[in-house]
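Enquirer: Let me give you the structure first, and then I'll get to my questions.
The values are calculated or read from the model by the stated rules, or taken from the named source; none is laboratory data. Given the structure is predicted, the values throughout are model-derived calculations rather than measurements. Reconstructed Cβ throughout: ideal geometry from the backbone, glycine too, with neighbour counts over all protein chains shown. Just the protein is used for accessible areas: all its heavy atoms, side chains included, with ligands, DNA and RNA removed. Shrake-Rupley method; radii C 1.70, N 1.55, O 1.52, S 1.80 Å.
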There are 2 protein chains.
Amino acid sequence: MSEHLERDLAAVLPPEGLVTDPDVLDAHRHDQADWAPAGRPRMLVRPGSTAEVQAVLRVATAHRVPVVARGAGSGLSGGANAVEGCILLSLAQMNRILEIDRRALLAVVQPGVINGALKAAAAEQGLWYAPDPASWEFSTLGGNLATNAGGLCCVKYGVTGDAALGLEVVLADGSVVRTGGRTVKNVAGYDLTRLFVGSEGTLGIITEATLRLRPRPPKATTLLASFPSLVGAGVAVMDIMAGLRPSLLELMDRTTVRAVEAARPMGLDGEAAALLLARSDAGGEQGVEECARMAAVCEAAGATFVAQSADEAEGELLLGARRFAFPALEKLGTTLLDDVGVPLSRIAELLAAVERIAAQRGVLIGTFGHAGDGNMHPTLVFDRNDPDAVTRAQAAFEDILHVVGALGGTLTGEHGVGLLKRPFLAAQLGPGTMRLHHTLKAAMDPLGLLNPGKLL
Amino acid sequence: MSEHLERDLAAVLPPEGLVTDPDVLDAHRHDQADWAPAGRPRMLVRPGSTAEVQAVLRVATAHRVPVVARGAGSGLSGGANAVEGCILLSLAQMNRILEIDRRALLAVVQPGVINGALKAAAAEQGLWYAPDPASWEFSTLGGNLATNAGGLCCVKYGVTGDAALGLEVVLADGSVVRTGGRTVKNVAGYDLTRLFVGSEGTLGIITEATLRLRPRPPKATTLLASFPSLVGAGVAVMDIMAGLRPSLLELMDRTTVRAVEAARPMGLDGEAAALLLARSDAGGEQGVEECARMAAVCEAAGATFVAQSADEAEGELLLGARRFAFPALEKLGTTLLDDVGVPLSRIAELLAAVERIAAQRGVLIGTFGHAGDGNMHPTLVFDRNDPDAVTRAQAAFEDILHVVGALGGTLTGEHGVGLLKRPFLAAQLGPGTMRLHHTLKAAMDPLGLLNPGKLL
């Protein structure tokens, strides 16, 4: 049967578009979620066009073989992991920026374009592609769309879905649909764009996207504030968001700060319960003033140290420390990077609960993330060769998700459900909403061939 | 059969929740789209709770009777018009603001809450509910969500859907689902919130919404610019959007300006091809400076008159003229208010085409709208008692939609498809995307009871 499948795929793809080399397959089985299982793919296909994606899906449908789409494999939930016996469909070859329309403020791209490549191309036109997941230098726009990726600038400029004006999508049966268009506002029919964004390859395969560009914001002024208590940091986040418009509002807890300092000493306050890093891109004097107002809010909330800088190099240095949070924690052991969201008012409670869980379970947990959106990344550090440590880490991971549920939060803010969060989704959504998910999945992919066992 | 239906509805509703008085029914048959046909409803129900909405839908399902949901009836596409023999389901009684969480920056509301009531309640907490359709003083939030209503502030702050964090929705079979939640970022499952937003009551009935609040922006500085050519105005809009972040960017063409001046003389330039009205809410000196930069862009694009004011009363006066555009055109005859969107780069072409169509068809057309989003409202004025004039207006209306299609635009930017745009939807979406719409509709409402014949 595999031979027939291979023959039929070979008939619709160029020679370099069909790969069966076991080493290459093995290198493409996994995304970056170490904990999530991955099956063995039957083959890897690398279509170069929408028509080839259609052809692959028609063959897959004829053979009833599952298809798992992938971009750069930088996902953090196992969403792009191979399913046993699947066709892995890499969009990496479809990596052309088809159009940048400077006057309409949009770009049309293929899904394999790297986020940073679009940023660079937009910048050449004096424009800005806003969404900035931590992986922006290597993740693809198709993957960003499939997971509705977030990032640091979301707090002011929204997530990937907010930049998606329209999509071209190949459905399970190989047919093509176009959603949305080239306008900012559009209510002609259902919002299918948003239905595909974040659907993790389970409803269709994005083969083209029309993305919104923006004017480049003015240079940012940066603020660093050090808090002796988690509650104080949480109050500062709420009060900043209630009155101002930071272009970035990030938090690092003590464990994270110490990990960063241990790897790259730069004088961050390792005694603080939490550091806040904030930016204003209001521009010029207004940016300095907005930063000063954020500083005053921090001081009123009990910050013991507050420093502000309009110097770009200094700002980038501080931002670099925040971006280094995860790599620094990775140096301490095996990591499990979590991704949870809570209402803005519950951040301090979340942080305190994570500290408590870390102590109770005997697991090192560093928490950092996008405080202004209530989206945090508790990162569990353990020794993967110590079975007891692994068990305790697993228990702590589940404890955190329970706390998030109790706080009215979400089990994933920007990384997606994938495999890692799938066992917990039903508890958050409830039976009615889960049923509706299955209704939509069954209607759009009746044979269940698109990334089966992910998300749902 | 009607008697059995009435008996079964009476069993699940309080006496005041079931209305069969022909005069009341007649008063509720229509929204504000004069041109769209309306059937005669069998009865009007006014549920007071989600449980009562569920009970009504269970009865409707048992009797196979269509259900048309409505809020204030201020829609502009016939989306809430009665279908012959339907149950009209008014959400107007479900008008409580259930919660304003100042610290989490959100409100939980029932669908019958008036947009302006939420704005006022948010303001009491020092916060802001941004979405501002022209109908904000009398339209309901449920209706705003069902149509994904836009407004003037969208250009900076997004449309209604951008403020929707979560929904409670009753499906056709009477079951309840909850979508989204209380967090800003959330990728746990499909984006069902956005699927229901803008679905015009065809997929489910929104019974509760969790809406995002924001800090109140600083006081705005206002700019008025007068252009001798449409092309100049179009260039100014593009150049402003490519470099700055106006909190409002509206346009009125000559016909509109003259109608406003005729009804309320205030010295607007009736010789100009178009006026632009722009605002910056960057705050303080920065707002004044951003407005000055917009003024410079207008001058470079050929504006013959540019005036800027940081005085709030003066700004409101100018804004009042823009808000008076439609009422002023209504004074000239019967109106057909259209709602189309084009890519930002095509605004001047759209305006020129509308002028040409007006001349060719012999129809007065005033165009105004949200230029910064490419979302314009060509408004046809004619004598409804003159059959020839009606025919010419109808032809002009269709001409405009064809032009919009040719410009890569959308046949509705913020008013919805309803009945008015339904005949034209397939041409814009194409057969594959239409088929997917029907697939979703059939999966979620297999008996086709929810607002049948609207949108699709």
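Enquirer: Looking at B:PRO218 and the list (1) at pLDDT 95 or above; (2) more than 7 Å from every other protein chain (Cβ to nearest Cβ), which single condition is not satisfied?
Expert: B:PRO218 satisfies every listed condition except (1).
Enquirer: Wholly within the stretch B:291-386, which strands (runs of 3 or more DSSP E) include no fewer than the required count, namely at least 1 residues that are in contact with a Leu (Cβ under 6 Å, 6 or more places away or on another chain) and open to solvent by less than 20 Å² (accessible area, probe 1.4 Å)?
Expert: The qualifying strands (runs of 3 or more DSSP E) are B:334-337, B:364-370, B:375-382.
Enquirer: Within the stretch A:148-155, identify whether any single residue is touching a strand residue (DSSP E or B) at 6+ places or on another chain (Cβ under 7 Å), surrounded by fewer than 24 Cβ atoms within 10 Å (Cβ to Cβ) and touching a residue at least 24 places away in the same chain (Cβ under 8 Å), and answer yes or no.
Expert: Yes: the stretch A:148-155 contains one or more residues that are touching a strand residue (DSSP E or B) at 6+ places or on another chain (Cβ under 7 Å), surrounded by fewer than 24 Cβ atoms within 10 Å (Cβ to Cβ) and touching a residue at least 24 places away in the same chain (Cβ under 8 Å).
Enquirer: Looking at A:ASP8, A:ASP26, which one is acidic (Asp, Glu) and open to solvent by less than 70 Å² (accessible area, probe 1.4 Å)?
Expert: On the way: A:ASP26 fails: open to solvent by less than 70 Å² (accessible area, probe 1.4 Å).
Step by step, each of A:ASP8, A:ASP26 is checked, and only A:ASP8 is acidic (Asp, Glu) and open to solvent by less than 70 Å² (accessible area, probe 1.4 Å).
Enquirer: Can I ask one more? A:PHE368 - would you say it is touching a His at 6+ places or on another chain (Cβ under 7 Å) and more than 7 Å from every other protein chain (Cβ to nearest Cβ)?
Expert: Numbers: touching a His at 6+ places or on another chain (Cβ under 7 Å): yes; more than 7 Å from every other protein chain (Cβ to nearest Cβ): yes.
So A:PHE368 passes the test.
Enquirer: Would you mind stating whether A:GLU250 is charged (D, E, K, R) and crowded, with 20+ Cβ neighbours inside 10 Å?
Expert: yes
Enquirer: What number of residues within the stretch A:275-287 satisfy the criterion of being farther than 21 Å from A:TRP128 by Cβ and open to solvent by 50 Å² or more (accessible area, probe 1.4 Å)?
Expert: Of the residues in that region, 1 qualify.
Enquirer: Looking at A:ARG58, A:ARG103, A:ARG64, A:ARG40, can you tell me which residue is out of contact with any strand residue (DSSP E or B) (no Cβ under 6 Å at 6 or more places or on another chain) and free of Cβ contacts under 8 Å to residues at least 12 places away in the same chain?
Expert: Result: A:ARG103 is the single residue among A:ARG58, A:ARG103, A:ARG64, A:ARG40 that is out of contact with any strand residue (DSSP E or B) (no Cβ under 6 Å at 6 or more places or on another chain) and free of Cβ contacts under 8 Å to residues at least 12 places away in the same chain.
Enquirer: Something else now. Within the stretch A:232-247, which residues are open to solvent by 40 Å² or more (accessible area, probe 1.4 Å) and over 16 Å from A:LEU275 (Cα atoms)?
Expert: Across the stretch A:232-247, the qualifying residue is only A:ARG245.
Enquirer: Which residue, of A:THR160, A:THR207, A:THR183, A:THR222, is out of contact with any Phe, Trp or Tyr (no Cβ under 9 Å at 6 or more places or on another chain), over 23 Å from A:ILE97 (Cα atoms) and open to solvent by less than 10 Å² (accessible area, probe 1.4 Å)?
Expert: A:THR222
Enquirer: Follow-up. So A:SER229 ticks every box in (1) under 20 Å from A:VAL342 (Cβ atoms); (2) buried (at least 20 other Cβ atoms within 10 Å of the Cβ); (3) small (Gly, Ala, Ser) but one. Which box is left unticked?
Expert: (2)
Enquirer: Would you pick out the residues in the stretch B:186-204 that are open to solvent by 10 Å² or more (accessible area, probe 1.4 Å), within 7 Å of chain A (Cβ to nearest Cβ) and within 17 Å of the chain's Cα centre (by Cα)?
Expert: Once the filter is applied, which keeps residues that are open to solvent by 10 Å² or more (accessible area, probe 1.4 Å), within 7 Å of chain A (Cβ to nearest Cβ) and within 17 Å of the chain's Cα centre (by Cα), the stretch B:186-204 yields only B:ARG194.
Enquirer: Mind checking which pairs have a first residue in the stretch B:240-263 that is within 14 Å of another protein chain (Cβ to nearest Cβ) and more than 19 Å from B:PRO228 (Cβ to Cβ) and a second that is open to solvent by 40 Å² or more (accessible area, probe 1.4 Å) and outside any helix (DSSP H, G or I), Cβ under 6 Å, 6 or more apart or different chains?
Expert: none
Enquirer: Within the stretch B:80-102, is even one residue open to solvent by 40 Å² or more (accessible area, probe 1.4 Å), away from chain A (no Cβ under 14 Å) and in a helix (DSSP H, G or I)?
Expert: Checked against the condition, which is being open to solvent by 40 Å² or more (accessible area, probe 1.4 Å), away from chain A (no Cβ under 14 Å) and in a helix (DSSP H, G or I), the stretch B:80-102 yields no hits at all.
Enquirer: Sticking with this one: Can you find even one residue in the stretch A:434-453 that is in contact with a strand residue (DSSP E or B) (Cβ under 7 Å, 6 or more places away or on another chain) and closer than 24 Å to A:MET241 by Cβ?
Expert: No; the residues of the stretch A:434-453 include none that is in contact with a strand residue (DSSP E or B) (Cβ under 7 Å, 6 or more places away or on another chain) and closer than 24 Å to A:MET241 by Cβ.
Enquirer: A follow-up question, please. Report, by residue number, each residue of the stretch B:405-430 that is more than 18 Å from the chain's Cα centre (by Cα) and touching a residue at least 60 places away in the same chain (Cβ under 8 Å).
Expert: Matches in the stretch B:405-430: B:LEU407, B:GLY408.
Enquirer: Still on this structure, I have one more. So for the stretch B:117-129 (the condition being of a type outside the set (A, V, I, L, M, F, W, C), within 12 Å of chain A (Cβ to nearest Cβ) and out of contact with any Asp or Glu (no Cβ under 6 Å at 6 or more places or on another chain)), does at least one residue qualify?
Expert: Scanning the stretch B:117-129 turns up at least one residue that is of a type outside the set (A, V, I, L, M, F, W, C), within 12 Å of chain A (Cβ to nearest Cβ) and out of contact with any Asp or Glu (no Cβ under 6 Å at 6 or more places or on another chain).
Enquirer: Sticking with this structure for a sec: Filter the stretch A:153-207 for residues that are touching a Pro at 6+ places or on another chain (Cβ under 9 Å) and of a type in the set (S, T, N, Q); which is farthest from A:ALA62 (Cα to Cα)?
Expert: A:THR183
Enquirer: Residues that are over 30 Å from B:GLN54 (Cβ atoms) and more than 10 Å from chain B (Cβ to nearest Cβ): does the stretch A:407-414 have at least one?
Expert: no
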